[in-house]
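Quick notes on the structure that follows.
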Amino acid sequence: MILENTLDDRPEGSDGSDQMGHFVTGELDLSHGVALYLEDITVSFDGFKALNNLNLEIDAGELRCIIGPNGAGKTTMMDVITGKTRPDSGKAFFGQTIDLTRLTEPEIAHVGIGRKFQKPTIFEQHTVFENLELAMKTDKRVWKSLMAWLAGDERDRIAETLKLIRLNGEADRQAGLLSHGQKQWLEIGMLLMQEPKLLLLDEPVAGMTDDETMRTAELFVSLAGMHSLVVVEHDMAFVEKLGGLVTVLHEGSVLAEGDLATVQNDQRVIEVYLGR
Amino acid sequence: MRKPLTLRILSALDSKGWLALGVFLALALVVVPLLHLAVPEDSAFHLSTYFITLIGKIMCYALVAVAMDLIWGYGGILSLGHGLFFALGGYAFGMYLMRQIGRDGSYGADIPDFMVFLDWKEIPWFWSGSDSFLWVAILVIVVPALVAFIFGYFAFRSRIKGVYFSIITQALTYAAMLLFFRNETGFGGNNGFTDFKRVLGFSVTSPETRLVLFGLTAVMLAVTLVFASWLVKSKFGRVLTAIRDAESRVMFIGYNPLWYKLTIWVISAVLCGIAGALYVPQVGIINPSEMSPANSIEIAIWVAVGGRGTLIGPIIGAFVVNLAKSWFTVSFPEYWLFFLGLLFIVVTLMLPQGLVGLWKKLMARKEGAAA
């Protein structure tokens, strides 16, 4: 019984038999313009339905905001997409061909989904530079890591990202010593180093100053088109600045969808946010 | 592979590190043999056989401590079963030493004495080839590696972590100890292997053989230190410490922690096996008590005392604790375990970074005072 608790909420079917180098044969296929497709996803924890027949479609290059009260299932949804939690039922596809419910976390990262956690998770003992180096898209098998040596163009890429996230003066600083906002930026930088097709960002501006928040919004808007972005956020000014469609989650399923103004005037949404 | 491997190995240590390593090897390979063989026994500078054996033994322990540091200090995985891998290497090499006794045993038989005692007529199948040094050298590496791989694969795949992992490793070494205690297992039961006569045809007790074993241990310790230093400074090492600090982050950027943990776990086990093989001919005995849980816990204490995650720390820890132990067990044998317990409490409460951490703190304070 002890062992089961350490299994990190991975239900049966995910025996972790992930072999190195056997990362997914299906190439990412965005030909129908859909980057992420969730259909009737249900996840329950001890009878509580964290997600209840959730349907969601994200187009390639789209910037989508997800809002919703606490416990609406936003984080669980991200867990499902990144393979941390397996759905009890439903489909989750990345592009046309990649079935996310059959892949492990590292495999999902390899096919091109990057995730930023709610609480900034960076490697606090490593320098800012090393954080980006570890995240960089490359062959991530053991032998390659043993023999890895940074090439000039790889250093350039890290330098570019450092500039983009405005940490170029802090490259050799221990990441744990950064301010909260800087940590958030570093994690976004790590995400970019992975060159993902789809970015999942869980409350990316929590703890940032207004100025930092606005700069983050600009960055995200500039990333859309090349990447698909799914942003979970409570900060309405930020959501407004991002533009794009807004999806409201409530009790594990989609309550409303539309641009921010439409959603904010939706009676059901107002009830959910203010009614209780 | 843009930079030649030799250059990268050179960059494993800084110039001070290489100098210290050179001094250490010069002491172990030149000064110690000279003081042992060339200086007359009544001179104050003579090094006794007791000293050679003691230091040789502690260097084997230091090797184990470095191996433990790789998995615990850098990988964040506390093993309380590393004594098992040490003993497996020791037993594998012990088989060879038993065969080298030949007919010089008490019974004058072709098979080791304990087999005669069990009324066995011939060498069992798993002893076949044990008269070959080369085969046994392979066993010393392969057996701990295989046990570590199989155990590690299932443990890490099931994402067993922290204290659960520690307890299971402890149970593993305990189970192995019970197995080796049985006479029928075929490894000499509770007496284990002893009364060795020769290694590669040379007498194990001759001063020259002792010095060669001493020198080999010193070289192995030095090579291990360079190797470990290269390992932790490589990208592999950075991924490993990243897994220690934030495993889920590592997974979400596309590394599979299973293979990283398994690699360092197997490397660590193999280093322990080699240490065990060097230990047995110097100490002259191997028995199942090497697998007792207390021994494995002691390994963790050496590392904690010296300083985790520093490589040099565990070596210092192994020396400090074991020198204290050999002094205590002669002067106040009954107080040793109390001292060990006290040491552990003091280190845990007051010196989380061990002796190396204390040294760094003192140096920083000195610099602060000077500035």
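Each value in this text was obtained by applying a stated rule to the coordinates, not by laboratory testing. Just so it is clear, the structure is predicted and the values come from calculations on it, not from any experiment. Using ideal geometry, Cβ is built from the backbone for each residue, glycine included, and neighbour counts are taken over all protein chains shown.
Worth pointing out:
- Value of relative contact order over region B:5-294, rounded to a whole percent, pairs C-alpha under 8 Å and six or more apart: 38 percent
- Helix-only CD estimate at 222 nm, as mean residue ellipticity for chain B, using -39500 (n - 2.57) per DSSP H run (n ≥ 4): -22500 deg cm²/dmol
- Tail fraction, Cα-Cα pairs, region B:5-294, threshold 37 Å, whole percent: 20 percent
- Computed over chain A: relative contact order in percent, which uses C-alpha pairs under 8 Å that are six or more apart: 25 percent
- Among B:Thr185, B:Ala145, B:Ala228 - extreme Cα towards positive end, dipole of chain B, charges at beta-carbon: B:Ala228
- Antiparallel %, DSSP beta bridges [both residues in chain A], to 5: 55 percent
- Shielding by partners - mean other protein chain Cβ count within 10 Å, residues of A:127-140: 3
- Across B:Lys16/B:Lys235; A:Lys137/A:Lys197; A:Lys74/A:Lys140; A:Lys137/B:Lys235, pairs whose alpha-carbon gap is larger than 21 Å: B:Lys16/B:Lys235; A:Lys74/A:Lys140
- Among B:Ile264, A:Gly258, A:Ala217 - extreme Cα towards positive end, dipole of the protein assembly as shown, charges at beta-carbon: B:Ile264
- Choice from B:Asn191, B:Asn256, B:Asn295 showing the highest fluctuation, given a GNM over chain B with Cα pairs closer than 10 Å: B:Asn256
- Taking other Cβ atoms within 10 Å as a rough exposure proxy, A:Met214, B:Met177, B:Met350, B:Met59 sort from fewest to most as B:Met350, A:Met214, B:Met177, B:Met59.
- The alpha-carbon of A:Lys91 sits under 15 angstrom from the alpha-carbons of these aspartates and glutamates, leaving out residues fewer than 8 places away in its chain: A:Glu39, A:Asp40, A:Glu57, A:Asp79, A:Asp99.
- Each Lys and Arg adds +1 at its Cβ and each Asp and Glu adds -1 at its Cβ; summed about the Cα centre, the protein assembly as shown shows a dipole of about 1880 debye.
- Kirkwood radius for chain A, taken over all pairs of different Cα atoms as the inverse mean of 1/r, rounds to 19.7 Å.
- Euclidean distance of C-alpha centroids, region A:65-133 and region B:236-294, integer Å: 30 Å
- Partner chain coverage, peptide A:106-112 - average Cβ within 10 angstrom: 4
- The gain in end-to-end length when the B:Glu367 to B:Leu34 segment is fully stretched comes to 115.9 nm, 0.36 nm per residue minus the alpha carbon separation.
- The overall shape of region B:214-371, judged from the alpha-carbon gyration tensor, is oblate: a/c is not under 1.5, and a/b is no greater than b/c.
- Rounded, prolate or oblate (a/c below 1.5 giving rounded, otherwise prolate when a/b exceeds b/c) for the protein assembly as shown by Cα gyration tensor: prolate
- With a cut-off of 18 Å on the backbone N, the residues of region A:76-112 near the modelled label site 7 Å out from A:His32 along Cα-Cβ are A:90-102.
- Between helix B:257-283 and chain B: long-axis angle, C-alpha atoms, 0 to 90°, nearest 10: 40 degrees
- Kirkwood radius and radius of gyration were both taken over the C-alpha atoms of region B:90-168, and their ratio Rg/Rh is 1.18.
- Taking every DSSP bridge with both residues inside the protein assembly as shown, close to 60 percent are antiparallel.
- Mean-square fluctuations from a GNM of chain B, with a 10 angstrom spring cutoff on Cα atoms, peak among B:Val39, B:Val204, B:Val140 at B:Val39.
- Listed from fewest to most Cβ neighbours within 10 Å, the set A:Lys119, B:Lys121 follows the order B:Lys121, A:Lys119.
- Averaged over peptide B:235-245, the number of partner chain Cβ atoms lying within 10 Å of each residue's Cβ comes to 6.
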